Amino acid sequence: MTLVVDMAGGSLPLELRKEGETWTFRLGSDEEGTAEIEEVEPGVYSVILDGRSYEARIEPGAVRVGGHRIELQVSDPRRRAARSGRRAVEGRFSVVSPMPGKVVRVLVAQGEAVEAGQGIVVVEAMKMQNELKSPRAGCVTSLSAREGATVAAGEVLAVIE
Amino acid sequence: MFRKVLIANRGEIAVRIIRTLCEMNIASVAVYSDADRRSLHVRMADEAAHIGPSASSESYLRIDRILDAARKHGAEAIHPGYGFLSERAEFAAACEAAGIAFIGPSSEAIRAMGSKTEARRIAVAAGVPVVPGTASGSKDPAGVRRFTEEHGYPVILKAVAGGGGKGMRRVEREGDLEAAFRDASSEAERAFGNGDVYIEKFIVDPRHIEIQIFGDSHGNYVHLGERECSLQRRHQKILEECPSPLVAAFPDLRERMGTAALKAAAAAGYLNAGTVEFLVDGERNFYFLEMNTRLQVEHPVTELVTGLDLVRLQLEIAAGLPLPFRQRDVEWRGAAVECRIYAEDPDNQFFPSPGKIETLERPAGPGVRLDSGVYQGWTVPLEYDPLLAKLAVWAGSREHAIARMRRALGEYIVSGIKINTGFFQVLLEDPRVLAGALHTGLVDELLTAPKAPAPSGAVTAAALAAAVHAISRTDNASKAAVATFAQSSRWRDEGRESLLR
């Protein structure tokens, strides 16, 4: 199947199929590759790729691998194309609350153009105010954050395309 | 001496106070909110009183409920810790009115030093140098604008009733002043109920060096030297040390700053423990910043270097005893460093990380001191700040203390929540930190420096894991749906729709 991987640097198509125990994939325009991917604990995957062993932990809006936290989301391009009428491989990024808290300030408006690193929403938790930033430049196509609302971990607050 | 003391606080500082009370054979009374029923300070206390629902405003900030608990348990004194009610003059006054000893200064001294502008006035009157700034605050930016016309930029706006970095804004140029003033004022209004803002000249790359002082009820004052607290993130201290590397290089500073601190304390008629904070510029000029009328979070580094128990001194002074030593008896030996261990994720913008601590392994061994408020299996609640513990080390020299701290941080293993120990390891490898070339902007500079990107193999592995994760969740959902309903491709699509974006 084909999915779209959205990251801070851009979006790429990911073609994937499983043959026996091995996954064959093509990310973007790279050469086709193979990997062994096993879920070893809930939300934790052991990925063996080119002889190297990676442990990847899934978190709201990101994957943690080897001491790096990589903001990354995957989606099914057919659903997005059907809904938005856009070309399948266009980049889309959800601003997700990483923890439960309360929205204290919404810094942008629906339809506004934003830059990479620009603050989108301020969420308060544990007496600290935390600004959630857009990892890429784009346009705020959807803004569901409301000042004063409580949010759960993983809740989508805005979408940048 | 008191026979029973109530601690109007929670977490690591409540545990800290209970420990000294235990050593002095004084009964301890813990207070707790709903979220803290299973907390460590309740487990360690001799008596415990429930004071309300989890929100601080309904529990740890409820003066009435705390005094009720003190009366009901027969506590003769209340130790307020830090934060919460420790610097609320009305709490100290309420204790005074109830005939319960408040372990700290008088409500008058708290009121005077609690207003940053009043504290500056007292310092100026006592002949202590202050950072140029306005004598009073306001919700109107006119006074602040006048100041910038005279003194130029950069400047810093601060909340009169402020603390903990809230209501502060640094302003580099004229054009930003209006918006910064509005922001600072509204943040201060929300945090402290007082939106008055004042202004100070911003000293470039200052060092934050504070002096610990004590005053007893017999007119004796001593200072216990300095702590350097220049390593701060968003105006909050994260790593403190004693002695200050600057003072170690220029030892006359300790006596000069100590004397200035005592002048300010005496001018305020101060009693018990207090800390006078100074900013020190590149020419080793020091300026009074503010005075904190409570025991500070970072007091362990002073205890480690002087061999004193500051909580014990607080209790003795509150009980009317004179200070058991004179200024010339105070000695400083070796070097101590402390790291504030927070439940936060340094890899994700330091977002707080509440939740259950699944495993906890503590550092130990020579020269390691851990002041912890948590244990394995404890659920870190959402309602309070994320400070879990303070890890402090002592060694014969600063160099050895830093090596010891790195070793201790490596032994501190926590799972179930994220903690910031990894960040301290990075900080303690920075050449400026190792050289003692500290200033209050250093941590923020380090954090805004570009990070090395993840290697492409890791990114590919991440994408693959995320893809397989998404696919497997959809398959599970659609299998369940198909089992209940006849095959329908619409259900599969619906399942994909809800689990993938």
Exercise. Only one residue in A:Pro60, A:Pro13 is closer than 24 Å to B:Ile417 by Cα, more than 7 Å from chain B (Cβ to nearest Cβ), in contact with a Gly (Cβ under 8 Å, 6 or more places away or on another chain) and in contact (Cβ under 8 Å) with a residue 60 or more places away in the chain. Which one?
Worked result: A:Pro60
Problem set entry | Which numbered condition B:Trp491 misses (of (1) modelled with pLDDT of 60 or more; (2) surrounded by 16 or more Cβ atoms within 10 Å (Cβ to Cβ); (3) more than 9 Å from chain A (Cβ to nearest Cβ)) | (1)
Exercise. Does any residue of the range B:184-198 turn out to be within 26 Å of B:Ala89 (Cα to Cα), surrounded by fewer than 19 Cβ atoms within 10 Å (Cβ to Cβ) and in contact with a helix residue (DSSP H, G or I) (Cβ under 7 Å, 6 or more places away or on another chain)?
Worked result: yes
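Out of everything in the range B:376-393 that is within 20 Å of the chain's Cα centre (by Cα) and not aliphatic (A, V, I, L, M), what residue ends up being farthest from A:Lys102 (Cα to Cα)?
Ranking the candidates gives B:Lys390 first.
Collect the residues in the range B:437-453 that are surrounded by fewer than 18 Cβ atoms within 10 Å (Cβ to Cβ) and part of a loop (DSSP other than H, G, I, E, B), keeping them in residue-number order.
Selection gives B:Ala437, B:Gly441, B:Ala449, B:Pro450, B:Lys451, B:Ala452, B:Pro453.
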For this session: Starting from residues that are out of contact with any helix residue (DSSP H, G or I) (no Cβ under 8 Å at 6 or more places or on another chain) and more than 8 Å from chain A (Cβ to nearest Cβ), keep the ones in the range B:371-392 and report whichever is most open to solvent (accessible area, probe 1.4 Å).
Result: B:Gln376
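Residue-by-condition table, conditions (1) touching a residue at least 40 places away in the same chain (Cβ under 8 Å); (2) buried (at least 20 other Cβ atoms within 10 Å of the Cβ); (3) over 18 Å from the mean Cα position of the chain (by Cα):
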| site | (1), (2), (3) |
| --- | --- |
| B:Lys72 | no, no, yes |
| B:Pro80 | yes, yes, no |
| B:Leu85 | yes, yes, no |
| B:Ala92 | no, yes, yes |
For this session: Tell me, yes or no, whether the range B:329-352 has at least one residue that is open to solvent by 60 Å² or more (accessible area, probe 1.4 Å), in contact with a strand residue (DSSP E or B) (Cβ under 7 Å, 6 or more places away or on another chain) and more than 14 Å from chain A (Cβ to nearest Cβ).
Result: yes
Exercise. Which of the residues that make up the range B:266-321 are open to solvent by 30 Å² or more (accessible area, probe 1.4 Å), in contact (Cβ under 8 Å) with a residue 12 or more places away in the chain, in a loop (DSSP other than H, G, I, E, B) and under 17 Å from B:Val130 (Cβ atoms)?
Worked result: B:Arg284, B:Asn285
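Residue-by-condition table, conditions (1) at pLDDT below 80; (2) within 17 Å of A:Ser144 (Cα to Cα); (3) touching a helix residue (DSSP H, G or I) at 6+ places or on another chain (Cβ under 9 Å); (4) more than 7 Å from chain B (Cβ to nearest Cβ):
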{"position": "A:Gly67", "(1), (2), (3), (4)": "yes, no, yes, yes"}
{"position": "A:Leu72", "(1), (2), (3), (4)": "no, no, yes, no"}
{"position": "A:Asp76", "(1), (2), (3), (4)": "no, no, yes, no"}
{"position": "A:Glu90", "(1), (2), (3), (4)": "yes, no, yes, yes"}
{"position": "A:Ser94", "(1), (2), (3), (4)": "no, yes, no, no"}
Problem set entry | Single condition B:Lys451 does not satisfy, out of (1) over 24 Å from the mean Cα position of the chain (by Cα); (2) away from chain A (no Cβ under 14 Å); (3) charged (D, E, K, R) | (2)
Exercise. Which residues, taken from the range A:110-134, are within 13 Å of chain B (Cβ to nearest Cβ), surrounded by fewer than 20 Cβ atoms within 10 Å (Cβ to Cβ) and not basic (Lys, Arg)?
Worked result: A:Ala116, A:Gly117, A:Gly119, A:Val122, A:Glu124, A:Met128, A:Gln129, A:Glu131
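The values are calculated or read from the model by the stated rules, or taken from the named source; none is laboratory data. All values derive from a computational prediction rather than experimental measurement. Cβ: placed from backbone, ideal geometry, glycine included. Neighbour counts: every protein chain shown. The accessibility values were calculated without ligands, DNA or RNA, using every heavy atom of the protein model including side chains. Shrake-Rupley method; radii C 1.70, N 1.55, O 1.52, S 1.80 Å.
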